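K.L.:
Got a structure here, written out as structure tokens. Questions coming.
Just so it is clear, none of the values below were taken in a lab; they were calculated from the coordinates. Being a predicted model, the structure only gives us computed values, none of them experimental. Note: ideal-geometry Cβ built from the backbone for every residue, glycine included; neighbour counts use all protein chains shown.
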Amino acid sequence: MTGKTISLLSMLIMGLALSVLFLIYSHVPYPAEASGARPQAGAEIVQEKHKAPRIHHILLEVSSLEKSIAFYHGQFGFEVTSERGGFATMKGDNVDIYLWEKRWDWEKKRDDKVQKGLGMYPHFLVDDVEATVKRLRDAGYEIVQEPRGYWAFTEAFVADPDHYTWALIKLSK
């Protein structure tokens with residue numbers, strides 16, 4: 001082999017090695033990119049050491065345990081696991097709901113007529129949004145938004161007895 005052939009062969013091998021390294025490392029996500037997040041300009045880059053926490057329960061201030069239990073247990077099947085002193089716990093398949101007839105002592109005073117839960121809309125995954133809306137309407141609950149179809153799901157909104165708004169969602173296949 002001539003010197004020119006050896007040089008070309010060396011360059012080809014180096015090029016292949018660099019291509020392989022690029023393929024390997026271009027598929028390894030940056031820690032923040034693994035979740036789809038992108039670091040903001042100027043943000044310190046920190047190795048993620050733990051995953052996002054699971055939600056254990058949602059606590060709702062309610063005006064009546066009886067009415068709220070009728071909604072969450074009677075309409076959605078949450079199991080009442082305890083009830084005493086204006087407080088009830090209810091078990092769901094993947095998240096629990098706690099109901100409390102009192103207020104936290106650290107909360108700011110507010111008019112009782114102010115709607116609770118604005119800006120946070122938990123979503124119940126249901127088998128049939130339209131049938132669930134009909135059942136809730138027939139039971140006397142307020143349907144905040146009729147079912148609407150979107151590209152990935154069908155969604156409607158319902159208010160519980162204290163006007164917390166919940167979404168009902170069925171994912172598209």
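K.L.:
Compute the Cα gyration tensor for the stretch 57-171, then decide on rounded, prolate or oblate, letting a ≥ b ≥ c be the square roots of its eigenvalues: rounded whenever a/c is under 1.5, prolate when a/b is larger than b/c in the other cases, and oblate in all that remain.
P.N.:
prolate
K.L.:
So if each residue of separation counts as 0.36 nm, and I subtract the Cα-Cα distance between K173 and A139, what length gain in nm does that give?
P.N.:
9.3 nm
K.L.:
In addition: Taking the Cα-to-Cβ direction at F124 and at A70 and moving 7 Å from each Cα, how far apart do the two end points lie in nm?
P.N.:
1.5 nm
K.L.:
Give the total of Lys-Lys pairs in the stretch 57-171 with Cα-Cα distances below 20 Å; include a pair only if its members are 8 or more places apart or on different chains.
P.N.:
9
K.L.:
Where in the stretch 125-158 is the amide nitrogen less than 13 Å from a point lying 7 Å along the Cα-to-Cβ axis of I55?
P.N.:
Under cut-off, by backbone N: 125.
K.L.:
Ordered by packing density, taken as the mean number of other Cβ atoms within 10 Å over each peptide's residues, highest first, how do 66-79, 156-169 rank? Intermediate values should be presented prior to the final figure.
P.N.:
Numbers: 66-79: 16.6, 156-169: 19.6.
In descending order of packing, they fall as 156-169, 66-79.
K.L.:
For F153, list long-range residues whose amide hydrogen, built 1.01 Å from N in the peptide plane, is under 5 Å from its own amide hydrogen.
P.N.:
Under 5 Å from the amide H of F153: S172.
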